[in-house]
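Novice: Got a structure for you, written out below as structure tokens; questions coming shortly.
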Amino acid sequence: MSEILRIRDLAIDFNTSEGIVSAVRGVDLKISEGEVLGLVGESGCGKSVTSLAVMGLLPKPEGVLKSGQIIFENKNLTAFREEEWQKIRGNEISMIFQEPMTALNPVLTIGDQLGEVLQVHKGIRLGSKENIDICVENLIKVGIPRPQQVLNEYPHQFSGGMRQRIMIAMALSCDPKLIIADEPTTALDVTIQAQILDLLRELKETMKTSILFITHDLGVIHEMADRVMVMYAGKIVEEGPTKELFANPSHPYTQGLMHSRPGKVKKGDPLYCIPGMVPSGRQQIIGCAFEPRCQYSFRPCKTICPLLEFNEKGHGYACHLSKEGGIANVGKAVNISN
């Protein structure tokens with residue numbers, strides 16, 4: 001499969017009243033055609049900021065692209081002007097946001113919002129028969145009943161799950177090559193969450209669209225992703241095929257996340273929690289960012305930032321333990337199982 005998106009050494013800072021905050025600290029990422037890449041990590045680790053950079057939506061002037069390249073189909077998006085971004089954003093790259101009620105305009109009908117995308121990117125006039133027919137077709141694709149009537153209704157008339165389906169229909173309007181799904185099921189109950197995941201899987205199979213799926217939910221990642229990247233404090237600390245990574249989590253942070261799942265705990269026992277706190281983006285991190293929370297840290301961890309090193313299965317992790325031959329024993333120490 002050919003590569004559709006490549007991010008190289010992406011670093012993003014935010015200028016705040018309390019100083020510079022480093023949100024992303026040198027991320028490398030790639031997505032192939034038709035692939036679902038899961039990006040997982042705690043809140044504040046830089047997942048959503050990375051996705052906003054791919055969409056050209058970093059807040060200005062606070063957000064600063066410090067370094068790096070975002071290559072989409074051999075085009076360097078970081079060199080784009082705003083008018084060039086508008087041709088890509090919503091057309092070739094679409095985004096499904098976490099909370100559809102804030103992403104949808106409350107004073108415009110569903111038909112106007114779906115139709116506007118087609119008018120802006122495809123030149124199909126809003127209100128024309130062709131525009132309406134495509135909007136109806138997209139609503140049918142995402143399983144929304146009575147689509148013709150829905151076009152004349154407003155976002156507040158729908159449940160959270162239905163609004164999320166409308167957001168997905170909007171993302172699909174121009175047959176994008178890449179969809180960024182930023183925690184699209186977080187605000188939904190378990191039953192609706194399962195329906196949305198089934199819908200995304202079905203669309204991925206039928207339309208062959210690549211998906212960057214961002215979440216903090218390991219269960220969702222296990223269901224959805226072909227490949228997983230684990231992010232901590234603005235950097236990728238582990239990466240690999242989903243089955244391989246879940247079978248052999250190798251970075252102490254990934255193991256901590258796996259061990260924190262409620263299903264790993266017997267009824268009545270306390271839930272496991274990774275000790276300590278995520279470092280502030282205002283901190284200068286010299287060695288491994290996870291070192292203060294890691295029970296296996298030793299001298300190199302404090303001063304040298306470990307690099308991702310990959311095995312023959314395409315599974316890589318950034319940990320000094322790999323050089324000491326001790327990484328195989330870490331999983332046993334924290335009792336990680338499938």
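Novice: With a sphere of radius 9 Å drawn around the Cβ of SER48, what net charge do the other residues whose Cβ falls strictly inside it have (Lys, Arg +1; Asp, Glu -1)? Intermediate values should be presented prior to the final figure.
Specialist: Numbers: positive: LYS47; negative: ASP182, GLU183.
Its environment carries a net charge of -1.
Novice: Straight-line reach from LYS87: which aspartates and glutamates have Cα under 19 Å away, leaving out those fewer than 8 places along the same chain?
Specialist: GLU73, GLU116, ASP175
Novice: In nm, what is the difference between 0.36 nm times the number of residues separating ASP28 and THR191 and their Cα-Cα distance?
Specialist: Numbers: separation 163, 0.36 × 163 = 58.68 nm, distance 3.44 nm.
55.2 nm is the gain from fully extending ASP28 to THR191.
Novice: Could I ask something else about it? Counting Lys +1, Arg +1, Asp -1, Glu -1, what net charge surrounds PHE97 among other residues with beta carbon under 9 Å of its beta carbon?
Specialist: Working: positive: none; negative: GLU99, ASP182, GLU183.
Combined, the nearby Lys, Arg, Asp and Glu give -3.
Novice: Let me ask something else about it. Report the full-extension gain for the segment ARG81 to GLN69: residue separation times 0.36 nm, less the Cα-Cα distance, to one decimal in nm.
Specialist: On the way: separation 12, 0.36 × 12 = 4.32 nm, distance 1.44 nm.
So the extension gain works out to 2.9 nm.
Novice: Neighbouring Cβ atoms within 10 Å as the yardstick, rank SER32, SER322 fewest first.
Specialist: Least to most surrounded, the residues fall as SER32, SER322.
Novice: Right, here's the next one. Can you find, among ILE20, THR254, VAL190, the residue sitting farthest towards the positive end of the charge dipole of the chain, where Lys and Arg contribute +1 and Asp and Glu -1 at Cβ?
Specialist: Of the listed residues, the answer is THR254.
Novice: Fewest Cβ neighbours within 10 Å first, please rank THR209, THR242 accordingly. Could you put the intermediate results ahead of the total?
Specialist: Values: THR209 22, THR242 18.
Final ranking by Cβ density, sparse to dense: THR242, THR209.
Novice: Let me ask something else about it. Which of the residue pairs LYS141/LYS204; LYS47/LYS267; LYS141/LYS208; LYS30/LYS208 have a Cα-Cα distance greater than 21 Å in the structure shown?
Specialist: As for pairs spanning more than 21 Å Cα to Cα, those are LYS47/LYS267.
Novice: Which one of ASN15, ASN91, ASN311 has the biggest mean-square fluctuation once the chain is modelled by GNM with Cα springs under 10 Å?
Specialist: Per the Cα network of the chain with a 10 Å cutoff, ASN311 tops the list.
Novice: Identify, among ASN152, LEU178, GLY41, the residue whose Cα sits farthest towards the positive end of the charge dipole of the chain, taking +1 on the Cβ of Lys and Arg and -1 on the Cβ of Asp and Glu, with the dipole about the Cα centre.
Specialist: The listed residue farthest towards the positive side: GLY41.
Novice: In segment 108-245, what % of DSSP beta bridges are antiparallel (nearest 5)? Present the calculation step by step, with values, prior to reporting the outcome.
Specialist: Numbers: 6 of 11 bridges.
Antiparallel: roughly 55 percent of the beta bridges in segment 108-245.
Novice: At 222 nm, what helix-only mean residue ellipticity would the chain give, in deg cm²/dmol to the nearest 500, using -39500 (n - 2.57) for each DSSP H run of four or more?
Specialist: Details: 14 runs with 117 residues, N = 338.
The per-residue figure over the chain is -9500 deg cm²/dmol.
Values in this text are rule-based calculations from the coordinates and carry no lab data. Everything numeric in this text was worked out from a predicted model, so none of it was measured. So basically every Cβ, Gly included, is an ideal-geometry build from the backbone, and we count neighbours across all protein chains shown.
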